[in-house]
Amino acid sequence: MYPANHEGEWDEVMAVVKQAVFKVAETSPRVGLVLKADLRAGHDAGEMEAKVRRLEQHL
């Protein structure tokens, strides 16, 4: 599987994680989940888009 990145409010992101886990559980007797969160003051929104813009500038 490929890692997925989601950005947003804590409860909204956790709802997506929960939905994904339960969807996988529909067809699997066991679901493993590794979650990495990067919480930084002042970088609460738009960081994924900003990373893409910075990368495109270097290309």
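Bear in mind that the values in this text are calculations on the coordinates, not laboratory data. Predicted, not measured: the structure shown is a model, and the values here were computed from it. When we count neighbours, we look across all protein chains shown, and the Cβ atoms used for this are built from the backbone with ideal geometry, even at glycine.
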* At a Förster radius of 25 Å, what calculated FRET efficiency corresponds to the Cβ-Cβ distance of R54 and D11, to the nearest 0.05? -> 0.30
* Asked: Which value, in nm² and rounded to one decimal, describes the direction-averaged projected area of the C-alpha convex hull of the range 18-59?
  -> 4.9
* Asked: In whole Hz, what ³J(HN,Hα) sequence does the range 52-59 give by Karplus (6.51, -1.76, 1.60; θ = phi - 60°), x for Gly and Pro?
  -> 4, 4, 5, 5, 4, 5, 6, 7
